Amino acid sequence: MKNIITILLTINSLSFFGQIQSDCFNELKLETDEFFASMKKATVGLTVENLLSASKDRQERSIGCSYPSSQISTFDTLEINPTKFNTDYVIINFNRNKCDICTGELDWFIKLKKQTKKTITVVVFFKDKTNDIIEIINKYKSDIYFVTDAQEYIKNHSLGAGKPLNYVLDKNKKILYAKSGTGQTYEGLIEVFK
């Protein structure tokens, strides 16, 4: 009987810890929403540096959080869930068509998939409509899942960051890497996979 109680307590503890991990991202999202609501009311003190600093802080604190699970449709209506891929890593990228470094990152992801001995799934979210990025889709669709017209998804998962934004999730779908902006490099990203 004592062993059964110990096992149940262990299972409940693990379940509770898992709940804390998944709530972590949601708390950061709520904090992001509150931050932007307060910024809309502010008449002084709002600077680009304030916005970038707050966004970077939330990204850093998202490391170790479970990425939220949600079902979405790709541009070709394939139903996927970024947290359900059975791969070593998942790269989630928020992108936009009129950003050279953003679309240049797609080449990084292909290179990473070839250089590492790990399995990597890449899911790229564009605010743009499918017709606006069809050339990009056609170039990379054999290696990357594309979700277009994804304004709402990006808004709910970006923690206030600009584009490009990359998350790298581990096998357990915990965030290992979260960075946005043009300061990202291929060398910095590949460090995650070593």
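Bear in mind that the values in this text are calculations on the coordinates, not laboratory data. It should be emphasised that the depicted structure is a prediction, and the values quoted were computed from it without experimental measurement. All Cβ positions, glycine included, derive from the backbone under ideal geometry; neighbour counts span all protein chains shown.
Structure values in brief
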{"read-out": "Estimated FRET transfer efficiency (Glu152, Asp23; beta-carbon r; R0 25 Å; 0.05)", "value": "0.75"}
{"read-out": "Size of segment 111-194 as Cα extents on the principal axes (Å, biggest first)", "value": "36, 30, 26"}
{"read-out": "Relative exposure of Cys99, Cys24, Cys65, judged by other C-beta atoms within 10 Å (fewest first)", "value": "Cys99, Cys24, Cys65"}
{"read-out": "Too-long pairs where the Cα-Cα distance tops 21 Å, listed order kept, from Lys56/Lys98; Lys117/Lys194; Lys114/Lys174; Lys29/Lys113; Lys56/Lys129; Lys98/Lys155", "value": "Lys56/Lys98; Lys114/Lys174; Lys29/Lys113; Lys56/Lys129"}
